[in-house]
Each structure stands twice: as structure tokens, then as C-alpha cells.
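Have a look at this one before I ask anything.
The values are calculated or read from the model by the stated rules, or taken from the named source; none is laboratory data. The shown structure was predicted, so the numbers you read here are calculated from the model rather than taken from an experiment. Cβ sites come from the backbone with ideal geometry, for glycine too, and all protein chains shown count toward neighbours. The area values use the complete protein model at the heavy-atom level, side chains included, leaving out ligands, DNA and RNA. Shrake-Rupley method; radii C 1.70, N 1.55, O 1.52, S 1.80 Å.
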Amino acid sequence: MGILEVRDVNKSFGGLQALNNVQLNVEEGSVHAIIGPNGAGKSTFLNCLVGRLTPDTGSVTFNGGSLLGITPHEINQAGVARVFQTPEIFGDLSLLDNVIIPTFATRDGSFTLNAWKRADQDWEVREKAEHMLEDVGLIEKKDAIAGSLSRGDKRRLELAMCLVQNPKLLLLDEPTAGMSRADTNNTIDLLKRIGKRGITKIIIEHDMHVVFSLANKVSVMAQGTVIAEGLPEDIKGDPRVQEAYLGGAHL
Amino acid sequence: MITATPRNDLLLMVFFAIAILTMPIWLSPIGAAYPDLLQRFAIYGIFAIGFNLLFGLTGYLSFGHAAFLGVGSYTAVWSFKLLSMSVVPAVLFGVITSGLFAVVIGYISLRRSGIYFSILTLAFAQMSYNLAYSVLTPITNGETGLQLAQEDPRVFDNLFGTAMESGSGIPPTNLFGLEMSGYSGFYFCAVLMIIGFYISMRITRSPFGMMLKAVKSNQNRMSYTGLNTRPYTLAAFVISGMYAGLAGSLLAVTDPLAGAERMQWTASGEVVLMTILGGVGTLMGPVIGAGVIKYFENIFSAFNDDALHEIFSFLPDVLQDGVVAVVGLFVGEGWHLTLGALFVIVVVFLPGGIMEGIGRLSRVFSQKKTIEPTVKTRAQPGE
């Protein structure tokens, strides 16, 4: 039994079958990469996991409970956090507030009318948030407005916002897309470091360098379905994968 | 920018309380220190503070807040008629009733955001306005407006014998015997405004307030962070509706009658103007905006051509007539033109309202101080 089990998930938009009988089993504590060419349905699949989209048929079981038919905030409260392809952060707020908000969400649930205490004097929450910012190397900028950050820093901030929730499952949608080589390596180091905490991760990624430095299992998607699954080394040599993903070129 | 430490907040609070309570003194040079106007400053200040809790924090622009103002007024007058001339039940019921209205209107309107939310709230307010004029006449007394009458029951007053002797006319509204007109009325409203300001400050600094700012900033991220945006926005809407109800009931306290025009869209628009003029999302801004608008309304609308001729009497007659003709457009009936011009200037040059202007000025002054003695403060590289 994996922590996340996806069975026979189908999703179509009009005549386009975006997901076609997707099966996926993610082991607890693993780093599971999903690769595949553009339009393979990777992002659609991720959207089905976090409640942005609802699959037409199939089941998604996480930690023993179904993720279908519940709202995004309930899915998060169940322990699933997501980093987006374009960072979704609170652009008008300070970095510290950006991390404090998810900390409150994890501790106090999806709604609390906590309108009398000072947010910046809740030392438990504040310390946790500052610690997290230190972990991702953004502590010096904690009072800056998040919207003013560089793209790489925004991603790191978003990662911090997810990690501070201590999720059971972390979904990363192309965490290094559009990053310089140096930033990419920084992110890989960061993900490796947090990997030690045993958070299960699903990574969607185009950059093979990232995939092979992080993942311990790889699923290959093409045309809405998983065509191959295995250890990174096996996937590298799989002729079907090379055909679908790389158009026959060799890795 | 002054950081929001507990100490600074306390200082701001003390400064605010003193400034409000001494208004009769420091506003007298500009001719604004008469009770009627001061009461309006305080009442509309409360209205704007509450409105800002919704608009400033969550970004949801309600265009129907006057409905709650009206509900508060009607409830207060009914409380005077049925229960007692004491202002305590009037204010209490005014706040509660408008809160209940806000729950219903908010629950429905908050299913949409942006312009659709604004239109929904506007529709509800106009509906309330028209209902007050037509179907609900038994409750609202239609066009005439709801007024007190000699033969009102006033159950509690009669029960406890605090009623005036018959024949002495309609008794005044009172707070434990203290008549709520003139300066005592102002101080009552002012104290409530200071309390309202304090509550709004607590809310703004609280985790709840932080969530409201998060609603404004990124609702998507909020739900993927495990937060349910709906109850947050509804709570903000209801709280701000209750502020409006408080303001409405205070309007009835200082002048015990209620009319449907209090619910008209112009009244809803006015509080939007006050908030934007003063500075959306700032603590002090809405209060300043409310003060400026009410001041302009009272002072500029009082000018007439004769008064203008007197002011410009130093000019030669021909010139005087011309100047009076032009300036006359902006005063008296046309004071809205002044307000409009002021509003345009503020929105174009100071999008953050008067508070941004104050912030810029204070920065200019503090920079002068720091640059002059030390030459080494070079331009800092950008973020």
C-alpha cells in the first residue's frame, strides 16, 4: 500500500482525452518523478490530485481516504501541499507573513476567528516561520514584500510555505522551470536537504538532471497515460520511453 | 514606514483618542467645532472604519453598505418607540439587526467576487431602499420617514417610571439620564468611535486580519494552504455591516428619525469615497476621509453667492462678478463638484489617499534630517 494510490483516472475536456486510465502508486517517503513530453497530461493529473479538477472516473486514495469530491483546502488539511509552476504566493505581504499564514493554517485549521491576539506576537508560530525562512535562505529578506522577489526566490518562498506545513505529500510542478543552472542546483540541494525529513514528494520535471539527482522512482506519461514506471536507471534505458519522450534520441 | 509594534500601536491609540476627544478645541479655528458636525465626523468615521475592515483588508468592494446604515437607524428608532428612550438598547439592537442582515446579504453576495460582488451588494441595497419606500411602509413609514410620537409605548420607560410627565412633549434620547444632544451626543459617538477604532486595530493585527489580507492578495494560494476563504470573507462582511449598523443607530441617537434615503446608493458611494480619499487599508485613513468629506459637505454647501461676494469684495466689481460666478459653481449646491475635483486629484496623484500623502511628507522631512549631517548615505541599490 502506497501513501497515494491512483486508479483508473480519466479526464477529458470536450473531445480531448487528457488523462486515460492513469494508474499511480506512490510509496511513503519516496521521491516520485513524473516525466513526459508537453501535453502528456502531467499538470492535469496534478490538478486532479489537489482538487482544482475533478476526474471523470477513477479513484484517488491518499493515506486511506479519498481525495475526490473534497475542496482544495480540505485536501491541504489532509496533508497535501503543492508548489505551482508559476509561484502562488501572497505578493502584497511580507515574506514572514507569507510563511506565518500556512503555519496558522496547519495549527488552527481552515477557519478560526482569532481576531483579538496579535499575529506577530504568537511566538510559537513566528519562530517556526522564521526557522523555515532560515532553512531556505531567505531570512535576511523576511520583511521584504514577497512580490518584489526574483523568480527563483519566489519559488523558494513557496517551497517554504509548503514545507512549514509539514505535509505528508508534497507536489512539485516543475520546481526549476525557467531557472538558471546555478539556481537549479541550489533548488536541488534544498530539495535533497528537506528530503531527509521523509516527506513524500511527487515531482513533475522536464530537466533530466533534476529528475535523476532527486527521484528514486520515475513514471513516464505520454498521451494521458503512464507508459512506463521504474527506477531512474531502468527508465533511462527503456526504449519505449526514449521513443515517446525523446523521439528516439539517446540519453 | 512606522512598524506596527505593540508599543507604536499603543501610542497611535492614545494619540487617536486624544485627537478625537479634543476635536471641539482644535477644529474651532476652521469653523468645524459645532456639535452637529462633530457628531457627523464621529458617526461617519465609524461607518468608514467598518467599511475599511471589509474593503481595505479583503479587497471586496461593497457598494451596498448604506443598507446596514439604514437598518441600524430604523432599528434604533423602533427601539426608542417601543422600548425606551435610552440609547443602550437602541445601539445594541441596531448593531445586532444590521449584523443579521449582513449575514444574509453577505452569504449570497460573497458567492461572487470582484465587480459581480459589488453589483450584488448594490442590488441588495437598492432593494432595501425601494422596499423601505413601498412595501415596508408599516415598518418604515415610507416617504415621511420613521419618527417618534407622543403616544409611543416606550415600555421600559413607563415600567420604571423614567418617562417624562405627560404633556412635556417627546422625551429626548438619553444615556442613563444624560441627554444625547449637543456635546454629550458628540462625546458618546466619539467614545464609540475610539472603541471601534481600537477593535479595528486589534482585528488588523490579528491572525484573522492577516487571513483577510491573504484573501485580498491570493485566494488561490489560500485554499491550497488549507484555508477556507468563505467564512473569512463572511465574517469580515458581517463585522463591517455591524459597524455600519452602529453608525446608523448613532444617527438616530443624535437625531431620532430614520428615512429611506439613508439607504440610497449615494450613501453607499459616499463611504467608498471616504475610504479611498483617506487611504484604503490604513487604520487612520477612513477616519480622515470621513472627516474631510463631512467637513466639505457642511462648509462648502453653506456658502452662497452673497457670502462669496463678501469674500471677494476686495476685487473690482467686474472681476468680482466673474470670480463669484466661477467659484459659485463649486460651493453651495455645487459642493459635490469640489468633492469630485478633490477626489480626482487624490486618486491620480496619491493612489494611497491622504495617508500616502502624509507618509510621503514625513519621509521627505526625515530624509532631510538624515542626509544633511552624513554625506556617506549613498543611494541604496534596489531590491
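Pull up the range B:1-23, narrow it to residues that are touching a residue at least 40 places away in the same chain (Cβ under 8 Å) and part of a helix (DSSP H, G or I), then point me to the one that is surrounded by the most Cβ atoms within 10 Å (Cβ to Cβ).
It comes out as B:I20.
Of A:N10, A:N47, A:N38, which residue is within 28 Å of B:G226 (Cβ to Cβ), polar (S, T, N, Q) and without any contact (Cβ under 8 Å) to a residue 40 or more places away in the chain? Spell out how you get there, then give the answer.
Numbers: A:N10 fails: without any contact (Cβ under 8 Å) to a residue 40 or more places away in the chain; A:N38 fails: within 28 Å of B:G226 (Cβ to Cβ).
None of the other options fit; the residue is A:N47.
Residues being more than 7 Å from every other protein chain (Cβ to nearest Cβ) and either open to solvent by less than 40 Å² (accessible area, probe 1.4 Å) or farther than 18 Å from B:N218 by Cβ (or both): count how many of those fall in the range A:61-99.
The qualifying residues number 24.
Which one is most open to solvent (accessible area, probe 1.4 Å), of the residues in the range B:232-259 that are farther than 19 Å from B:L92 by Cβ and within 14 Å of chain A (Cβ to nearest Cβ)?
Among those that are farther than 19 Å from B:L92 by Cβ and within 14 Å of chain A (Cβ to nearest Cβ), it is B:L234.
Would you call B:A76 assigned to a helix (DSSP H, G or I), within 16 Å of the chain's Cα centre (by Cα) and buried (at least 24 other Cβ atoms within 10 Å of the Cβ)?
Details: assigned to a helix (DSSP H, G or I): yes; within 16 Å of the chain's Cα centre (by Cα): no; buried (at least 24 other Cβ atoms within 10 Å of the Cβ): yes.
So B:A76 does not fit the description; no.
How many residues does the range B:24-35 hold that are in contact (Cβ under 8 Å) with a residue 60 or more places away in the chain, open to solvent by 10 Å² or more (accessible area, probe 1.4 Å) and either under 25 Å from B:H65 (Cβ atoms) or of a type in the set (G, A, S) (or both)? Let's see the steps before the verdict.
Kept after step one, since they are in contact (Cβ under 8 Å) with a residue 60 or more places away in the chain, are these residues of the range B:24-35: B:24, B:30-32, B:35.
Narrowing the set further to residues that are open to solvent by 10 Å² or more (accessible area, probe 1.4 Å) leaves B:24, B:30-31, B:35.
Narrowing the set further to residues that are either under 25 Å from B:H65 (Cβ atoms) or of a type in the set (G, A, S) (or both) leaves B:31.
Final tally of qualifying residues: 1.
A follow-up question, please. Hey, can you tell me all the residues within the range A:134-165 that are closer than 21 Å to A:T200 by Cα, more than 12 Å from chain B (Cβ to nearest Cβ) and more than 13 Å from the chain's Cα centre (by Cα)?
A:D135, A:V136 - these are the residues of the range A:134-165 that are closer than 21 Å to A:T200 by Cα, more than 12 Å from chain B (Cβ to nearest Cβ) and more than 13 Å from the chain's Cα centre (by Cα).
Right, next: Before we move on, is B:I43 of a type in the set (A, V, I, L, M), open to solvent by 50 Å² or more (accessible area, probe 1.4 Å) and closer than 15 Å to B:V292 by Cα? Break it down stepwise before answering.
Working: of a type in the set (A, V, I, L, M): yes; open to solvent by 50 Å² or more (accessible area, probe 1.4 Å): no; closer than 15 Å to B:V292 by Cα: yes.
The answer is no for B:I43.
So which residues in the range A:207-235 are part of a helix (DSSP H, G or I) and either touching a residue at least 60 places away in the same chain (Cβ under 8 Å) or in contact with a strand residue (DSSP E or B) (Cβ under 9 Å, 6 or more places away or on another chain) (or both), if there are any at all?
Across the range A:207-235, the qualifying residues are A:M208, A:V210, A:V211, A:F212, A:L214, A:P232, A:D234, A:I235.
Does B:T204 meet the test of being of a type in the set (V, I, T), touching a residue at least 60 places away in the same chain (Cβ under 8 Å) and farther than 20 Å from A:A115 by Cβ? Please lay out each step first, then the result.
Details: of a type in the set (V, I, T): yes; touching a residue at least 60 places away in the same chain (Cβ under 8 Å): yes; farther than 20 Å from A:A115 by Cβ: no.
No; evaluated as a whole, the condition is false for this residue.
Just one of (1) outside any loop (DSSP other than H, G, I, E, B); (2) more than 23 Å from A:M132 (Cα to Cα) trips up A:M161, so point out which.
(2)
Which residues, counting only those in the range A:38-56, are more than 14 Å from chain B (Cβ to nearest Cβ) and assigned to a loop (DSSP other than H, G, I, E, B)?
A:N38, A:G39, A:A40, A:G41, A:T54, A:P55, A:D56
Sticking with this structure for a sec: Any idea how many residues of the range A:114-160 are surrounded by 14 or more Cβ atoms within 10 Å (Cβ to Cβ) and over 26 Å from A:D173 (Cβ atoms)?
Counting residues in the range A:114-160 that are surrounded by 14 or more Cβ atoms within 10 Å (Cβ to Cβ) and over 26 Å from A:D173 (Cβ atoms) gives 9.
Another question, if that's okay. Test each condition in (1) of a type in the set (G, A, S); (2) modelled with pLDDT under 95; (3) crowded, with 16+ Cβ neighbours inside 10 Å for B:A307 and report the one that comes out false.
(3)
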